[in-house]
2 protein chains.
Amino acid sequence: MVNSDIREQLRPFFEPRAVAIIGATNKKGKVGNVIFENFKRNKEKGIFKGNIYPVNPKLDEIDGYKVYHDVSELPDDTDLAVIAIPAPAVPETMKKIAEKGIKAVIIITGGFGELGEEGKRMEQEILEIARANGIRVIGPNCVGVYAPDTGVDTVFLPEEKMDRPKSGPIAFISQSGAFAAAMLDWAAMAGIGIGKMVSYGNKIDVDDADLMEYFAQDDEIKVMTFYIEGVKDGRKFMETAKRVTKIKPIIALKSGRTEYGAKAASSHTGSLAGQDVIYDAVFKQTGIIRAEDFEHMFDLAKAFAKCKLPKGDRIGIITDGGGAGVMASDAVAKFGLKLAELSEETIKFLKERFPPHAVVGNPTDVVGDTDAERYRLALEAFIKDPNVDAILLIVLFQVPLLDEKEVIDIITDYAKKSDKPIVVVSMGGYKTDKYAKMLEERGIPVYPTPERGVRALAGLVRYAKYVRGNGE
Amino acid sequence: MVNSDIREQLRPFFEPRAVAIIGATNKKGKVGNVIFENFKRNKEKGIFKGNIYPVNPKLDEIDGYKVYHDVSELPDDTDLAVIAIPAPAVPETMKKIAEKGIKAVIIITGGFGELGEEGKRMEQEILEIARANGIRVIGPNCVGVYAPDTGVDTVFLPEEKMDRPKSGPIAFISQSGAFAAAMLDWAAMAGIGIGKMVSYGNKIDVDDADLMEYFAQDDEIKVMTFYIEGVKDGRKFMETAKRVTKIKPIIALKSGRTEYGAKAASSHTGSLAGQDVIYDAVFKQTGIIRAEDFEHMFDLAKAFAKCKLPKGDRIGIITDGGGAGVMASDAVAKFGLKLAELSEETIKFLKERFPPHAVVGNPTDVVGDTDAERYRLALEAFIKDPNVDAILLIVLFQVPLLDEKEVIDIITDYAKKSDKPIVVVSMGGYKTDKYAKMLEERGIPVYPTPERGVRALAGLVRYAKYVRGNGE
């Protein structure tokens, strides 16, 4: 079912034995310096385990590393080349790379197809060399690869400018480099773990379909997220996506949806955005989940990374704030889900144990004077209830009698032992944020609004239905 | 045009000469203690300038404050009573308050109409006493008032549980108490200034229309935000809103939109949510801007608080990331705005000054190697261009050559001297967040996604059109 050649072809991008940095320099802030520093720092931390070979005809040494004057001089274990030299010099360098037998190349350099005919001609020349020699190319005009587990980091924005996220089971693939960088920075703050990021820019060779195929076989990755402006080989994309979505969920954010956006996309990456209805149809047919914006994309990714898949679409809501329960109920309707009709056993169980001013039903409102025990009782009942497929748990940690750590322990415990997905909504500020982060570290996805929590559940429900073969 | 009686009637809620806290106690964490502590802390800080009179028959002193045993003993300057004693004792206390001549009462206590017939009867009794004696009542079953400039704070969640936002030109009115508390906490983190918050709970007396009327005349308030589950006196609401929206923008988040949500709202505040289409029509007729969720509500409020109103709907986009520009262009179409067609002068001006790889157009992409000067040039041109009504400025601060402080100075400078609204989009993490906060402190609204920035501009455009009398 899967193409296992791709696994071997793309492996050096993520786990190189030795990386050549062509255009490495000691001038701080320059692309060739930041990339070198990234590898060096990760090597010193013991994360990057390969060798690092700077290439620059004018230097003999950078920071204690021997500099090679030419690609031809590189040691034989070099299996990845990262190119950060001016565009006109790239085709010649590609020839040397081919002679040397290096099979994986990331071309960071911009100034190719996006600038016009001469750039396109150079891209064609590079591609011909690559095809003739079995070389796979990421780029040009890209930020390349970020793989925190193996220490590969060609993101040429220094750490002073941009944080790096921790590792996790999400793969993130972005056509736009600046967007990729902003998202990595954002993910670091949001506590979202990115196992592998690839930004392919002009994608003359390695494309979305190749990366889907690779990540489908990558045990570290549970869910893939794509930011796409345009797809070149539609048939390959569809054929691959159809197979891969049965194995792992794929979420796509496709911009250029409107006439205005399509025109802007064409100026940006030269992508023909195409009619949006066609993309919509393609995503539906192939089981790709379409995200409305980047918050939606990562909201979904977080749910897939952390949750079990629900058996149906009947949502149970537990809250300690009535207003938030109303908003969540609205969202259940808006996103095409059902509010579960609680079983008589659940109603009876809770009514016997709750004070009269708590509201037993769906939503169940444990109300503002709740303690952690009421949450435990509600979770216990909802998990046992055969009419509930998934649980949205709203915790306003601000309420005075709630022991935050106790309720976090309870939620973690039930999420582990239950087969049903549980997502938490926590609205608040710095103090509640701390508790939200604690929950996330224990594997529970947390959302800042009821709408976003329900929308994430809707993604799980839809994908679960697709995988079970009940269609879109 | 406005009812100025209401100004005098409601003034003691926000600027009391002396507050009686009925049910004040020294038991930490209890409602009557937290409220007392709030006033005491604000008095010590010099923010609350009135007198504080704790009332409790069983105590003689709390923290050095003399405790009054009965309402009848209170000094004559008492003009606000905050009630935090069990529900059954409230009607009797109201009689004493009437005798004492106090004209403003906040009833924090719950256990009234929301619990059934006996509670409704008590509410009726309280209301009759109030009406007969010219007393205005906020509550019962509410968190009351938060007014940071004058130090009124009846929010009974202690500071350890919940942060308080700084002051600012936004009034926030919430039917739900827990939601109000969560939002204050959130606003504190988001850096959103709330000048006055009122959470009225069961609203037996002071209602949305009264508060609209009051805030219309309050010079500290520029924009009002309402979280509403249901409106009781529809005619009064409409008549007031119609007048007030011509003076200041009103943004409403109305939940219970769907059948599921309406049912949940009825269990929560006993509100008859009513058919959502009716609310939609009412909001449109009265010029109230409807928010989709709380992020939308405060995104809009921030724009109104900080921006000038645009003269039309033609948006100019400046970006240093092409992908983000595409997303913003899509959002312009999605939210019913127009992408401005730049004048020939603008195109010429920028083409002469920009490097060839920058994209002059709408969006104008200053690209990833931008410095602050390119932003200055683009702003200069867009502000002069008669075809541009409002500007969306996307700044990915991560790009390597951009001096963050310099670009912040430039944006602040142009926002001040221009008549056009300028909103900024900054995507990123902790580092860029710091720059976003700097911009906000200087009066520029900043949004975390292109969609949310454009959506905020759409709110400004729509309200500007309404005020000019060109209808909805």
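The values are calculated or read from the model by the stated rules, or taken from the named source; none is laboratory data. All values derive from a computational prediction rather than experimental measurement. Positions of Cβ are backbone-derived with ideal geometry, glycine not excepted, and every protein chain shown enters the neighbour counts. What goes into the accessible areas is simple: the full protein's heavy atoms, side chains included, and nothing from ligands, DNA or RNA. Shrake-Rupley method; radii C 1.70, N 1.55, O 1.52, S 1.80 Å.
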Per residue of B:182-189, what is the mean number of Cβ atoms on other protein chains within 10 angstrom of that residue's Cβ? 6
Would you work out what percent of the accessible area of region B:133-177, with all protein chains in place, is carbon or sulfur (probe 1.4 Å)? 50 percent
Please report, in cubic angstrom per residue, the volume enclosed by the convex hull of the alpha-carbon atoms of region B:1-94. 124 Å³
With everything on Cα atoms, drop me the angle between helix A:344-353 and the longest principal axis of chain A, reported from 0 to 90° to the nearest 10. 70 degrees
For a protection proxy built on the mean count of beta-carbon atoms within 10 angstrom, sort B:179-190, A:160-171, B:85-96 highest first, please. B:179-190, A:160-171, B:85-96
Just to check, using Stokes-Einstein with a Kirkwood Rh over alpha carbon pairs, what's the diffusion coefficient of region A:291-335 at 20 °C and 1.002 mPa s in µm²/s? 173 µm²/s
What angle do you read, to the nearest 10 degrees and between 0 and 90, between the alpha-carbon axis of helix A:276-286 and the longest principal axis of chain A? 80 degrees
For the rotation taking chain B to chain A, which residue of B has the Cβ nearest the axis, and how many Å away is it? B:GLU295, 5
Rounded accessible area per residue of region B:60-121, 1.4 Å, Å²: 46 Å²
What residues does region A:167-181 have that are buried by at least 20 Å² of accessible area in the full protein assembly compared to the chain on its own, 1.4 angstrom probe? A:ALA178, A:PHE179
Copies compared at B:LEU401 - label distances in nm, ascending, label defined 7 Å from Cα in the Cβ direction: 6.3
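With +1 on each Lys and Arg Cβ and -1 on each Asp and Glu Cβ, and nothing else charged, work out how big the dipole of chain A is about its Cα centre, in Debye to the nearest 20. Let's see the in-between values first.
Details: 65 positive and 70 negative charges, 116 e Å.
Charge dipole, chain A, about its Cα centre: 560 debye, nearest 20.
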Folded to 0 to 90 degrees: helix A:450-467 orientation relative to chain A principal axis, Cα: 70 degrees
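Given a 1.4 angstrom probe, what's the average accessible area per residue across region A:134-195, in square angstrom?
Solvent-accessible surface per residue comes out at 19 Å².
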Carbon and sulfur %, accessible surface of region A:309-468 computed with the full protein complex present, 1.4 Å: 52 percent
With only alpha-carbon atoms counted, please give the Rg and Dmax of the protein assembly as shown, in Å. 30.1, 100
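Computing the accessible area with a 1.4 Å probe over protein heavy atoms, can you report the carbon and sulfur percentage for region B:1-72? Numbers along the way, then the final one.
Values: 1750 of 3620 Å².
For region B:1-72, the apolar C and S fraction of the accessible surface comes to 48 percent.
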Taking every residue of A:424-431, the Cβ atoms of other protein chains inside 10 Å of its Cβ average out to 6
Unsatisfied cross-links (Cα-Cα over 20 Å) in the set A:LYS120/A:LYS254; A:LYS248/A:LYS334; A:LYS334/A:LYS465; B:LYS236/B:LYS311; B:LYS166/B:LYS434; A:LYS437/B:LYS254: A:LYS120/A:LYS254; A:LYS248/A:LYS334; B:LYS236/B:LYS311; A:LYS437/B:LYS254
Whichever aspartates and glutamates have a C-alpha closer than 20 Å to that of B:LYS45, once near sequence neighbours (fewer than 8 apart) are set aside: B:GLU15, B:GLU37, B:ASP63, B:ASP149, B:ASP153, B:GLU159, B:GLU160, B:ASP163
If I model region B:4-304 as equal point scatterers sitting on the Cα atoms and use the Debye formula, what is log10 I(q)/I(0) at q = 0.16 Å⁻¹? -1.35
Show me A:42-52, B:248-258, A:436-446 ranked by packing, highest mean number of other Cβ atoms within 10 Å first. B:248-258, A:436-446, A:42-52
At least 20 Å² of accessible area lost relative to the chain alone, listed for region A:284-305 with a 1.4 Å probe: A:GLU292, A:ASP293, A:PHE294, A:GLU295
Simple spin-label estimate for B:ARG468/B:LEU115, 7 Å along Cα→Cβ, in nm, reads 5.5 nm
At 0.890 mPa s and 25 °C, plugging the Kirkwood radius over alpha-carbon pairs of region A:229-340 into Stokes-Einstein gives what diffusion coefficient in µm²/s? 150 µm²/s
Residues of region B:321-365 with accessible area at least 50 Å² lower in the all-protein-chain context than alone (1.4 Å probe)? B:VAL326, B:MET327, B:ASP330
Give me the percent relative contact order of chain B, please, defined on Cα pairs under 8 angstrom at least 6 residues apart. 10 percent
Do the sum for chain A: with -39,500 (n - 2.57) for every DSSP H run of n ≥ 4, divided by all residues, what is the mean residue ellipticity at 222 nm, to the nearest 500 deg cm²/dmol? -13500 deg cm²/dmol
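How large is the accessible surface per residue of region B:309-468, computed with a 1.4 Å probe and reported in Å² as a whole number? Walk me through the intermediate numbers first.
Details: 5670 Å² over 160 residues.
Averaged over the residues of region B:309-468, the accessible area is 35 Å².
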Note to self: Kirkwood Rh of region B:286-362, Cα pairs, one decimal, Å, is 14.9 Å
How well do other chains shield peptide A:367-373, expressed as the mean number of their Cβ atoms within 10 Å of each residue Cβ? 2
Check the straight Cα-Cα distances from A:LYS161 and name the aspartates and glutamates below 13 Å, setting aside those fewer than 8 residues away within the same chain. A:ASP185, B:ASP403, B:GLU404, B:ASP433
Between copies, how far does the label point of B:LEU59 sit from its twins, in nm, shortest first, when each point is 7 Å from Cα along Cα→Cβ? 6.9
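Can you give me the orientation-averaged projected area of the convex hull built on the Cα atoms of region B:309-468, in nm²? Walk me through the numbers before you get to the answer.
Details: hull surface 33.2 nm².
Its Cα hull, projected and averaged over all orientations, spans 8.3 nm².
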Order of A:366-372, B:419-425 by packing, highest average Cβ count within 10 Å first? B:419-425, A:366-372
Shortest-first distances to equivalent copies, position A:PRO75, nm, label 7 Å out along Cβ: 8.3
Kindly compute the accessible surface that chains A and B hide from a 1.4 Å probe when together, both sides summed, and give it to the nearest 100 Å². 5200 Å²
